[in-house]
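Working notes, structure below.
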Amino acid sequence: MKDLFIEKLEKDTRDDSDLFVYRLKDQLDYKEFKRVSELLKSVKIYYSKFKGGFISKEKIDFDSLDFEKAPAKAKEKTSNKIIYNKLFTDYISIEEYKNYMLNDYLKENENALNYFHQYAASYDEALEKYKNDTLININYMFRPDNIDYYNNLKYIREAIVWKSLNKDKNRFYCNGDNSLYMAIWDKLPIIEGLKYTDKAYTAVWGYDQTNVDIAYLLNKKFNGLYILVYGYTVVFTRLKDNKFNDGVRYFSEDSNPEKTFLMDASVTGHYH
């Protein structure tokens with residue numbers, strides 16, 4: 001395993017003592033990096049973002065470490081709940097993601113090259129700039145010190161619901177991380193039979209104008225939570241007294257949401 005690292009003797013900035021830093025020669029895929037990390041952690045050697053490598057007060061004796069015995073991730077307990085992987089690299093490898101972004105993403109997103117056209121004299125030049133920048137960005141995202149952040153699919157539950165409703169993946173809201181979800185869309189599980197009910201909740205808000213949001217309740221729960229959809233937003237909540245708060249607005253059950261919607265300033269044009 002020592003062939004994976006470049007060893008360098010540096011100084012510990014806390015007390016100016018000697019510190020061995022082991023940096024990876026090449027980028028590992030996420031699963032292999034985690035396996036190496038868990039093995040080194042078992043002998044009290046930890047990854048330092050500050051140093052950009054694994055640190056140790058003593059020189060590592062790699063011959064005494066058995067990579068094959070590195071702790072493996074415990075099996076998830078089975079239940080009747082929907083099973084889904086939380087990590088991006090549980091679905092596809094980083095190399096598969098690169099291939100998707102350089103090929104399929106361009107076919108699925110007709111606006112992908114718009115930004116690059118303004119800096120290019122031709123389509124081919126824009127395409128080349130897109131590919132170069134894309135590879136640089138992906139390599140940055142999945143560096144050992146960044147991968148935990150980008151590998152965590154924060155909107156995975158929402159994606160499963162959006163797909164289960166057979167909605168357009170290009171319109172899925174995930175705070176700018178669309179390409180990650182688009183790359184694994186076909187691999188996501190679905191909630192069979194998920195659909196809208198007639199039950200609705202409205203939130204009326206606004207200071208100088210009246211705005212109305214309508215959230216529709218779906219017919220199934222997700223791991224014990226009610227599911228509602230308004231616009232491109234999916235909400236998971238525990239309904240209390242037929243009300244819920246999405247973190248910004250307060251929604252209440254509404255037997256006639258269409259009538260409430262007529263108060264919306266975008267419809268009436270009435271601004272205070």
*Kindly establish whether residue 251 is surrounded by 15 or more Cβ atoms within 10 Å (Cβ to Cβ), touching a residue at least 24 places away in the same chain (Cβ under 8 Å) and over 27 Å from residue 96 (Cβ atoms).*
yes
_Quick check on region 116-131. Is at least one of its residues more than 22 Å from the chain's Cα centre (by Cα), among the aromatic types (Phe, Trp, Tyr) and surrounded by fewer than 17 Cβ atoms within 10 Å (Cβ to Cβ)?_
yes
*Of all residues in region 1-33, how many are of a type in the set (A, V, I, L, M, F, W, C), surrounded by 13 or more Cβ atoms within 10 Å (Cβ to Cβ) and closer than 15 Å to residue 48 by Cα?*
6
*Do any residues in region 187-200 that are over 15 Å from residue 222 (Cβ atoms) and in contact (Cβ under 8 Å) with a residue 24 or more places away in the chain have Cβ atoms under 6 Å from those of residues that are surrounded by 12 or more Cβ atoms within 10 Å (Cβ to Cβ) and charged (D, E, K, R), where the two are at least six apart or on different chains, and which pairs are they?*
200/254
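Could you tell me which of the residues 20, 33, 5 is closer than 28 Å to residue 135 by Cα, in contact with a strand residue (DSSP E or B) (Cβ under 9 Å, 6 or more places away or on another chain) and at pLDDT 85 or above?
5
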*Hey, residue 266 hits all of (1) modelled with pLDDT of 90 or more; (2) under 24 Å from residue 172 (Cα atoms) but one; which does it fall short on?*
(1)
*Filter region 217-239 down to the residues that are in contact (Cβ under 8 Å) with a residue 60 or more places away in the chain and within 17 Å of residue 168 (Cβ to Cβ), then identify the one that is surrounded by the most Cβ atoms within 10 Å (Cβ to Cβ).*
234
*asked:* Is it the case, given these coordinates, that residue 190 is farther than 23 Å from residue 254 by Cα and either among the polar types (S, T, N, Q) or exposed (fewer than 15 other Cβ atoms within 10 Å of the Cβ) (or both)?
replied: yes
*Which ones in region 153-162 are more than 13 Å from residue 91 (Cβ to Cβ) and either buried (at least 20 other Cβ atoms within 10 Å of the Cβ) or free of Cβ contacts under 8 Å to residues at least 40 places away in the same chain (or both)?*
154, 155, 158, 161, 162
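The values are calculated or read from the model by the stated rules, or taken from the named source; none is laboratory data. Note that the coordinates shown come from a computational prediction; the quantities given were computed from them, not determined experimentally. Here the Cβ is made from the backbone with ideal geometry for all residues, glycine too, and neighbour counts use every protein chain on show.
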